[in-house]
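One structure is given below, encoded as structure tokens.
The values are calculated or read from the model by the stated rules, or taken from the named source; none is laboratory data. The shown structure was predicted, so the numbers you read here are calculated from the model rather than taken from an experiment. So basically every Cβ, Gly included, is an ideal-geometry build from the backbone, and we count neighbours across all protein chains shown. Only protein heavy atoms, including side chains, enter the accessible area calculation; ligands, DNA and RNA are left aside. Shrake-Rupley method; radii C 1.70, N 1.55, O 1.52, S 1.80 Å.
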Amino acid sequence: MEFKSVVMEIPEGSNIIIGQTHFIKTVEDLYEIMVGTSSQVKFGLAFCEASGVCLIRVAGNDRNLEEVATKNAQNLAAGHSFVILLKEAYPINFLNAIKQCPEVCNIYCATANPVQVIIAETEQGRGIMGVIDGFSPKGVESAEDVKARKELLRKFGYKL
């Protein structure tokens, strides 16, 4: 078995959601979740099929994000994984619906941070072992940091 680190490409102003699913139907279901949750979201999604013809299935409403999601999926090459790139919306607005999708088994990350995906490769194929999302902590928040965090949440409209 060999372990590899795969860097995800995240276009400026975008977020990424990486997960695992189990069925080709996921492509259409995730598409419907994205457009059903937000009429303004721009996104591209790519799904690595793990049986049969083993194609990367692609959908979305933004050609550039579809292309980058496809490139990320090709670099992952991990069966039944999916990559969603989105902009003009935040992952928090989609995660519960994605988790409720009957085929979705796991969400590895949802972030705008730099992401490295840790892949294990065997003679059979590849699988995601985990992700490195962003950077290590540099300390513990101060009272001023708490104030800034609360202001940011209110600026985004997530708190009153």
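Of note:
- Sparse packing (at most 16 other Cβ atoms within 10 Å of the Cβ) combined with a DSSP loop state is found for the following trypsin sites (Lys or Arg not before Pro) in the stretch 83-160: K138, K159.
- Cleavage-rule hits, GluC sites (Glu not before Pro), the stretch 46-155, DSSP coil, Cβ neighbours within 10 Å at most 10: E123
- In a DSSP loop and with at most 14 other Cβ atoms within 10 Å, the trypsin sites (Lys or Arg not before Pro) in the stretch 1-75 are K25.
- Of A89, A143, A97, the one that fluctuates the most in a GNM where the chain has Cα springs shorter than 10 Å: A143
- Max mean-square fluctuation residue, GNM over the chain, Cα-Cα springs under 10 Å, options I92, I17, I128: I92
- Convex hull per residue volume in Å³, alpha carbons only, for the chain: 125 Å³
- Accessible area expressed per residue, the chain, with surrounding protein chains retained (probe 1.4 Å, Å²): 58 Å²
- Fraction of accessible area attributable to carbon and sulfur, the chain (%, probe 1.4 Å): 52 percent
- Cα Rg over Rh - the stretch 35-109, Kirkwood: 0.96
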